[in-house]
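Heads up: the structure comes next, in structure tokens.
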Amino acid sequence: MNGKTVDEIVSEVKKNCALFYPEVASLIRRIYYKHKEFESDQKTKNDFMSRISEPSKHPDFPFSTAYIGQNAAIDELVNSTDPIITLCSSTGTGKTPVYLTALKKCLDMGMRCLVIAPRKDLQGQLVREYCEHFAKRGMPLYEVMRREEYCKELPNPRLEVDARGNKIAACRARYKRKGKWFFEYKGVEYEYPCEDCPFDEHKSKVLDKYRRCKAVPVLNPGNYYYIYNEIEDEKLYPDVVVVDEADVFYNMVTQSVTIRQHILEIVLEHHNELTSEQNEVLDKLLENKTLSQDDIICLLKAVADGLLLKAESVEKELEMAEGAVKFSKEKLRELNSLLDELYSNRRRVLKFTKWPDRIFHYWEGKNVVVEAYLESDEFFKKVFPEPYVKKRIIISATAPKTNYKIVSYNVEFPFAKVISVPIAKFTYTNVFKNPISFEEDPKQAEAILDTTFKDFIHPLSLEVGKLFGYDTNIPTPVFTGALNFNDKMDVVFRKNGIKKYLIHREGNLNEIIKKFLTMEYDYIALARGAEHGGNWYQFPFMTILRMPFRDITTPREKAFRKFLGNEDVWRENYEWDALSCLIQACGRNARHPTSFAVSVILDKKFNQVYENIKAKNPSLIPEWFRKRLIFPRVENSKVVWYDDYGRPFTI
């Protein structure tokens, strides 16, 4: 806290809010009215679109015109001999039609092609938007899904509602009896799969066309993850793979596996059938002794073997139960569910044994957590191995550290701006070492988050709301960067009389984003991960309260720091991870080059981290982000705005 008291920090925040609020409000009004003038002048609008566009040079491109840079990007993706190519541009600049057009050319050259979309909803959206166009040109796109998901889309599907209120295919809750599978729907028993189920025929058709380079399957990280672990078949590997929003896929595949207490208990049940080496490691674990890298690999194999032994015993129990009257259908479902869980956990554990030198571990309570860390190039080569996969096309709004080609193009967004306003350092120390209790101590209500919301965020949201004709504030995402900060924002909202708001808590991100998109809420507090949670173009104004740093106090971060073994390397990773998340978030609320979109960054740490990374690794900062940035300077007690190139800002 640098020796400052809570009162001193709050006083500084109030001073900065008073200085910057009227200037930021005035700046946003200028941008808004200039945008309104632009929208009302069709000639100016047409001239602008002509300036940033050119005729499409590729017959398979979905549009007659392309943004300048798209034609060249398609050529580079097709002609590059690099094993990894990164396509980098902001949201709303047409990266999807670029890579699909490139895939069409690759397909025509007899190369098997595959697309991995970042989320299930975008997987379906991609297919719906582009399937008809490319199917007419000999490249149908197929959304790959599980049988249960496929059956939901059929006419008159047999659906039930699960405990969370979601509609699911009734055949998900199946059970086995006398060697056959069954499920119930409205009290009637059906054999699984249904006799008239078209899924198997559909699956065979898609795989056949894929193998013969006649179609492109579109998967999400979840179902690719399943295929990768279950079917390592040379004939199924693509020649060319596109990974859209590549960091989402990276996080999915390297996501930690937690060896929970009940998993260890299952493994210990079968200790007599494990090797002496495996039992020695289990003893070390139970005695809380330090585990070496070799010990962790041995532990993972012991867990995998123990889960397999347990699964085999459950399968035998199922065989015995199938004809027994005493076993109800519910019991059969329970056993099958356990079997699925055992095999799923085993797949996850085995995944990490493939990268023995790239894993680290830590304790969370009584549970052991194992996680993998690989550099971007190393990761994509391991997941899509040579010599099977010839080309890996990585799609991202921010370029990863790579030794291979980066294809980028920048489309002008004149009314999309990112305004950096140094209100305070929203550090863990400033916020959490000075606890606030609004109900018990009114004086402590003048804490850092409350002051920032009351004196800056809420008045500015009201101001933007007026511009858009709202009676109240405009619906505003507040990116806090961490779940524990969201807990504090919950109290801040209540104290300030905000009744319609949503809080992103662990595990409910997609659910609350869908709720917020109904436009019925005033605010939503979002933590890390929300930068990938969808496009925010319905919300032209948002605030970045805090840099989304990882919490350095967690067992995970301490173990990761030790694993890297170099403080400078860890610091660089730590800062770039936070900055790349922030950059992704800032690109989400502008869908089109003519969009009005403003993001306001309030954390002083942003300037420090941004300048540090720009000095050390300038290639990591995407050009589109630099062109949207605006910084204030106080000159002769007056705020003057500059762009990131040191020029006075003009709109």
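For Ile651, are the conditions met, namely being of a type in the set (Val, Ile, Thr), in a loop (DSSP other than H, G, I, E, B) and within 23 Å of Pro400 (Cα to Cα)?
Details: of a type in the set (Val, Ile, Thr): yes; in a loop (DSSP other than H, G, I, E, B): yes; within 23 Å of Pro400 (Cα to Cα): no.
Judged against the criteria, Ile651 is not a match.
Which residue, of Met542, Met547, is in contact with a Phe, Trp or Tyr (Cβ under 9 Å, 6 or more places away or on another chain), of a type in the set (A, V, I, L, M), surrounded by 21 or more Cβ atoms within 10 Å (Cβ to Cβ) and under 30 Å from Ala66 (Cβ atoms)? Let's see the steps before the verdict.
Values: Met547 fails: under 30 Å from Ala66 (Cβ atoms).
None of the other options fit; the residue is Met542.
Within the stretch 628-638, does at least one residue satisfy the condition of being assigned by TED's automatic domain parsing to the domain that holds Trp536, of a type in the set (Asp, Glu), touching a strand residue (DSSP E or B) at 6+ places or on another chain (Cβ under 9 Å) and outside any helix (DSSP H, G or I)?
no
Name the helices (runs of 4 or more DSSP H) wholly inside the stretch 216-321 in which the number of residues that are in contact with a strand residue (DSSP E or B) (Cβ under 6 Å, 6 or more places away or on another chain) and either hydrophobic (A, V, I, L, M, F, W, C) or at pLDDT below 90 (or both) is 1 or more.
221-230, 246-254, 293-321
Report yes if some residue within the stretch 201-210 is within 30 Å of Ala246 (Cα to Cα), in contact with a helix residue (DSSP H, G or I) (Cβ under 7 Å, 6 or more places away or on another chain) and either free of Cβ contacts under 8 Å to residues at least 40 places away in the same chain or of a type in the set (D, E, K, R) (or both); otherwise report no.
Taking every residue of the stretch 201-210 in turn, none turns out to be within 30 Å of Ala246 (Cα to Cα), in contact with a helix residue (DSSP H, G or I) (Cβ under 7 Å, 6 or more places away or on another chain) and either free of Cβ contacts under 8 Å to residues at least 40 places away in the same chain or of a type in the set (D, E, K, R) (or both).
Tell me yes or no: at least one residue of the stretch 375-393 is closer than 30 Å to Leu309 by Cβ and surrounded by 18 or more Cβ atoms within 10 Å (Cβ to Cβ).
Checking the stretch 375-393: at least one residue is closer than 30 Å to Leu309 by Cβ and surrounded by 18 or more Cβ atoms within 10 Å (Cβ to Cβ).
Check whether at least one residue in the stretch 77-95 is without any contact (Cβ under 8 Å) to a residue 12 or more places away in the chain and either buried (at least 19 other Cβ atoms within 10 Å of the Cβ) or out of contact with any His (no Cβ under 7 Å at 6 or more places or on another chain) (or both), and report yes or no.
yes
So Glu463 passes all but one of these: (1) of a type outside the set (Val, Ile, Thr); (2) surrounded by fewer than 22 Cβ atoms within 10 Å (Cβ to Cβ); (3) at pLDDT below 95; (4) in a helix (DSSP H, G or I). Which condition number does it fail?
Of the numbered conditions (1) of a type outside the set (Val, Ile, Thr); (2) surrounded by fewer than 22 Cβ atoms within 10 Å (Cβ to Cβ); (3) at pLDDT below 95; (4) in a helix (DSSP H, G or I), the odd one out for Glu463 is (3).
Ala66 is checked against (1) part of a helix (DSSP H, G or I); (2) crowded, with 16+ Cβ neighbours inside 10 Å and fails just one. What number does that condition carry?
Here Ala66 meets the rest and fails (1).
For the stretch 170-207, name all the residues that are in a helix (DSSP H, G or I) and aliphatic (A, V, I, L, M). Explain how you work it out, then say what you get.
Taking the stretch 170-207 first, the residues in a helix (DSSP H, G or I) are 170-172, 199-207.
Ala170, Val206, Leu207, listed by residue number.
The values are calculated or read from the model by the stated rules, or taken from the named source; none is laboratory data. None of these values were measured; they are calculated from a predicted model. Glycine gets a Cβ as well: all are built from the backbone with ideal geometry, and neighbour counts include every protein chain shown.
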